[in-house]
Structure formats: structure tokens, C-alpha cells
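Everything on this sheet refers to the single structure shown next.
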Amino acid sequence: MVDLREALRPEPTETAPPLADIAARARRRRRRRHQARAGAGALALVALLVGYGAFPRSSSNLTTVADPAVDPPTAATTPDGSPDRTAAPSVPTSRPVGGDEAPDGAAPSAEPGAGDADGTDGDGERPVTTPGIATTSVTTSSWEGGYCLQIEVVNETSAQQRWQVVLDEGGSVAEVWNAEVEEVDDVLVFTGEEGFNPTVDPSSSTGFGACIDRD
Amino acid sequence: MTDERHEPTPGFASWYEGEHPRLLAAMTVAAGEVEMAREATDEAFVRAYERWDTVRRMDAPGGWLYRVALNELRRRHRRQRLERELLRRQHRPPALDGPAPVADPRVWHAVRDLPRRQRSAVALRYVLDLTEREVGETMGISRGAASALLSSARRNLERALGEHVTDEPGRVGIDG
């Protein structure tokens with residue numbers, strides 16, 4: 001005989017996070033909404049897609065894609081597909097748009113996501129679109145107060161690219177996965193997660209998603 | 001939309017302290033995992049905090065809270081499916097399970113195998129102790145549908161556990 005009330009009693013009982021955390025989150029969101037309202041573009045998301053800092057190495061940086069089993073033959077523009085981090089002989093055909101001095105992500109101006117989660121450091125640096133990188137985006141759900149997007153980032157060039165996607169959205173980001181986001185001016189700048197998908201290989205794609213709270 | 005200041009609000013703190021553990025326990029069962037339950041629970045309270053002036057005047061702030069949390073969970077589930085899909089394509093294994101967060105691990109595993117809506121109904125009914133009518137209201141379905149959902153859930157659990165499952169009437173309702 002099972003008594004569900006007894007069986008489903010929480011264990012261990014967890015303590016609630018401090019009220020201050022909840023309050024802080026609420027205030028932060030409110031602040032962001034106010035900021036976002038100024039530049040309210042609607043759901044019409046303009047995905048200016050941008051690659052910057054094309055990588056002068058071969059396919060290695062996306063750990064996941066380096067596995068030949070995962071990636072179907074479409075990704076075969078790299079000669080060997082070897083998951084090797086050493087410098088690749090093949091030089092990317094398209095040059096990076098932004099700062100290309102430091103391939104390992106050290107170019108701070110070109111990489112708004114680096115280091116600082118909250119502040120918008122340096123507002124200039126509008127990313128420039130690179131031909132050859134495309135996005136498709138699907139609204140995966142939407143409700144009265146917001147919506148979620150899933151965005152695919154496709155590298156149509158023959159060189160590995162660090163990717164960046166800029167969305168012109170009116171609202172604040174409630175959630176983002178498989179990317180890092182920063183609000184710069186009135187736009188949302190998404191970049192790959194270091195260690196996961198900061199770059200996208202030639203002829204392949206990565207994806208990320210975000211949920212936006214509308215005001 | 002003039003700006004309402006949401007300073008720490010009268011009554012919120014004690015409500016929060018009382019409801020948070022309850023809601024978290026319920027969302028854990030509804031989600032079938034702890035992390036997502038935590039996120040949905042906290043999110044529901046953040047929203048309640050933002051709108052406390054309105055929420056506190058409701059007849060059943062708890063009912064509102066549970067609805068918001070369940071919706072939040074649904075959103076996250078949907079998102080997780082996408083995410084899993086992506087991970088699978090990219091060969092990243094999903095996070096591993098921790099220990100069962102409820103008293104009876106066997107029941108925990110059986111509940112996790114229930115369809116999502118049955119799990120939600122079980123969480124509302126047996127963790128939050130809502131009546132069948134309230135379960136229906138919270139899930140946006142009729143009382144009859146809630147009742148049917150719960151009896152399918154019990155049937156499934158009985159099959160999985162090989163034991164009879166009791167259903168005594170709920171003791172409390174929404175907001176006492």
C-alpha cells in the first residue's frame with residue numbers, strides 16, 4: 001500500500017533562496033525592461049548575422065563536431081576533419097571583419113561577452129555582417145508575456161568562424177541557452193559559449209535559443 | 001504604465017517562506033527533476049514579487065502562483081526538448097541524475113515515468129494537497145478531466161509499483 005502524500009514528501013527539505021535574491025532578480029528585470037522599451041523593435045527580429053575573427057585553424061574548435069560520426073558528410077569542406085588543434089595549413093578565404101589579432105578570443109572590443117556579464121563595456125563596435133553566414137530562426141513558443149526563439153547559425157564559408165548574432169528585440173532576455181548574450185545599446189548580441197560553440201565550422205551549423213520577456 | 005515601485009512588500013516575506021518549500025516540492029514532482037523545478041519555482045516568485053500589489057489581493061495567491069510555476073515548467077520542458085535534441089546531435093550527454101529528492105525513491109522513479117500532465121496533476125494533488133477541482137482550475141482543465149488524469153496516474157503507478165495506491169481526500173485546499 002503506497003501513500004503518495006507520504007512517498008512524495010520532499011527529502012531533503014530544501015531551504016528557499018534568500019528573499020533578497022528574488023527581489024534583486026525582480027528589480028534587475030524591471031530595469032532591463034525600462035531600458036529595452038526605449039528601443040522597442042518588435043518581434044520582427046532582424047538577425048544581422050555576423051562572423052568575426054575567422055579562425056586560421058581547422059575543424060577542431062567545436063569539440064562536438066570534431067566527432068566524424070556526428071557530422072554528416074555535408075561538413076566535409078575541411079580536407080581531413082582531423083580533430084587536431086595544431087595550426088591548420090588552410091587559410092580562411094574570408095577575412096574576419098572585426099579585430100583578428102588574437103585568435104583565442106582575446107580581442108576584447110570584438111567580443112562583448114567576454115568577462116563581464118552585466119556591464120556594457122564600450123558601446124561602439126557594431127558588428128558588421130559577414131557574407132556567408134546565415135541564420136534561420138523559429139519562434140518555438142510564445143505567450144502573452146514573451147516568446148522563445150531557436151536560432152540556427154550556419155557557416156556557409158569555407159573557414160571556421162567565430163559567430164555573433166545581433167537581434168533587434170524589444171524586451172529583455174529571460175533565458176538563453178547555448179550562447180552568451182549581452183545587451184549593447186538596444187540590441188541583443190549573442191555569441192557562442194566558450195568551450196561549447198564559440199565557433200562554427202565551414203559548412204556546418206550550431207544553434208542557440210533565447211526566451212524574451214515582452215513588456 | 002507608470003512605474004510602481006516594488007520595494008520589499010508587506011506580507012511577501014512570510015508568504016514566500018511558507019510557500020516556497022511547498023511549491024518547490026510540488027514542482028520537483030511535476031518536473032521529475034530538481035534543477036528545473038528550482039528554476040520554475042524561483043521564477044514564479046520573482047513574478048509574484050514584481051506584481052505583489054496585485055497578487056496579494058487575489059482570492060487565492062497560491063493558485064496564481066502554482067499556475068505561473070506550472071506554465072514556467074512547461075516552457076522549460078519545451079526548451080529542454082530542443083536543447084536535448086541539440087545535444088544529441090552534438091554528442092553531449094545530458095546531465096546525470098542525482099539521488100531521489102522525495103521520501104520514497106521507488107515512487108519517485110515511477111512518477112518520473114508518467115506523462116507530463118499526469119505528473120503535474122499528481123504534484124498538485126498529493127504534494128500541494130489541492131482538491132480535484134483546484135487541480136483542474138490550476139491546470140486549466142475541468143474537474144472531471146483532472147479527476148481522470150489523476151486516476152490514470154494512479155493506475156500507471158500501481159502498475160509500475162505492483163502495489164495499491166491510496167487516495168484519501170486532500171486535507172487542505174489552495175490557501176488554507
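The values are calculated or read from the model by the stated rules, or taken from the named source; none is laboratory data. Nothing here was measured: the structure is a model prediction, and the numbers come from that model. Here Cβ is always computed from backbone atoms with ideal geometry, including for glycine, and neighbour counts include all displayed protein chains.
Values as computed for the structure displayed
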item: Test: residue in segment B:48-64 that is at pLDDT below 95, closer than 22 Å to A:Ser142 by Cα, in a helix (DSSP H, G or I) and not aromatic (Phe, Trp, Tyr); result: yes
item: Index of the failed condition, B:Leu82 passing every other in (1) at pLDDT 90 or above; (2) buried (at least 18 other Cβ atoms within 10 Å of the Cβ); (3) of a type in the set (A, V, I, L, M); result: (1)
item: Whichever residue in segment B:131-163 is assigned to a loop (DSSP other than H, G, I, E, B) and either at pLDDT 95 or above or out of contact with any helix residue (DSSP H, G or I) (no Cβ under 6 Å at 6 or more places or on another chain) (or both) and, among such residues, is surrounded by the most Cβ atoms within 10 Å (Cβ to Cβ); result: B:Thr131
item: Members of segment A:15-33 found to be in a helix (DSSP H, G or I) and over 26 Å from the mean Cα position of the chain (by Cα), listed by number; result: A:Leu19, A:Ala20, A:Ala23
item: Segment A:153-166, subset assigned to a strand (DSSP E or B) and more than 11 Å from the chain's Cα centre (by Cα), residue modelled with the lowest pLDDT; result: A:Gln161
item: Residue that is nearest to B:Ala121 (Cα to Cα), among those in segment B:26-75 that are buried (at least 24 other Cβ atoms within 10 Å of the Cβ) and of a type in the set (Val, Ile, Thr); result: B:Val29
item: Which listed residue, of A:Arg9, A:Arg32, is surrounded by 13 or more Cβ atoms within 10 Å (Cβ to Cβ), at pLDDT below 90 and not small (Gly, Ala, Ser); result: A:Arg32
item: Residue among B:Ala123, B:Ala146 that is within 21 Å of B:Pro61 (Cβ to Cβ), touching a residue at least 24 places away in the same chain (Cβ under 8 Å) and either acidic (Asp, Glu) or more than 14 Å from chain A (Cβ to nearest Cβ) (or both); result: B:Ala146
item: Flag for B:Pro94 being at pLDDT below 80 and in a loop (DSSP other than H, G, I, E, B); result: yes
item: In segment B:110-120, residue surrounded by the most Cβ atoms within 10 Å (Cβ to Cβ) [restricted to those that are part of a helix (DSSP H, G or I), away from chain A (no Cβ under 11 Å) and not polar (S, T, N, Q)]; result: B:Arg117
